[in-house]
Amino acid sequence: MKRLLYLLSFFAVFFLVFVDGASAMEITKIGATDVTGKGIGSTVSAYTYPLRSFTLYGTANASSSVAVKIDDVTYSATANSIGDWSTYLSNLTYSAHTVTISSASQSSLNFTLTISSTSATTTPTSTPTATVTSSGSSLPASGTVENTFLSAALALFLIGLGVAVKYKD
């Protein structure tokens, strides 16, 4: 029975680290403007910003490489141990730019960034509900509630199993 407990514990740790540890890619700041939770690139397809040079901030899987492609120029960033990344964009023209932000094993973010002398605005859209990664699997556009619930349920199950084995011996 103890071997079964050890085996279940191994699978629980594997699940928590490799399955539940994946975070959704998100843009958190454009220059000095906080856009956390706004859905830029996932549910918002256009954003207008007034400056031609600024730092773009976001989150991705910890220690992953992030590619920020603006029109035909690709900027690189590396996420730190908690998944935060940033890259400095300079001398963008006053016009609309196609932006794609991608990282391995994560859905990419796509939107149109317009550099304009007017104030920053967003244009929401009703799509997408899901995006497809390069591996062909479908991921939800936001949230990992299901994985968090499964992790908590598995942890409670293992605690209960450990107590049952202790009292049985």
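The values are calculated or read from the model by the stated rules, or taken from the named source; none is laboratory data. Bear in mind that the values here come from a model prediction, so they are computed numbers and not experimental data. Cβ: placed from backbone, ideal geometry, glycine included. Neighbour counts: every protein chain shown.
Here are some notes:
- Residues in segment 146-169 include none that are modelled with pLDDT under 90, surrounded by 15 or more Cβ atoms within 10 Å (Cβ to Cβ), part of a loop (DSSP other than H, G, I, E, B) and on the phi < 0 side of the Ramachandran plot.
- The condition (being at pLDDT below 90, crowded, with 17+ Cβ neighbours inside 10 Å and of a type outside the set (Ser, Thr, Tyr)) is satisfied by just one residue among 83, 41: 41.
- The numbered conditions (1) within 30 Å of residue 153 (Cα to Cα); (2) free of Cβ contacts under 8 Å to residues at least 24 places away in the same chain are all true for residue 74 except (1).
- Residue check, residue 136 modelled with pLDDT of 90 or more and on the phi > 0 side of the Ramachandran plot: no
- The residues of segment 80-102 that are part of a strand (DSSP E or B), polar (S, T, N, Q) and either without any contact (Cβ under 8 Å) to a residue 24 or more places away in the chain or under 17 Å from residue 26 (Cβ atoms) (or both), listed by number, are 86, 87, 100, 102.
- Within segment 53-79, tally of residues that are surrounded by 14 or more Cβ atoms within 10 Å (Cβ to Cβ), assigned to a loop (DSSP other than H, G, I, E, B) and out of contact with any His (no Cβ under 6 Å at 6 or more places or on another chain): 5
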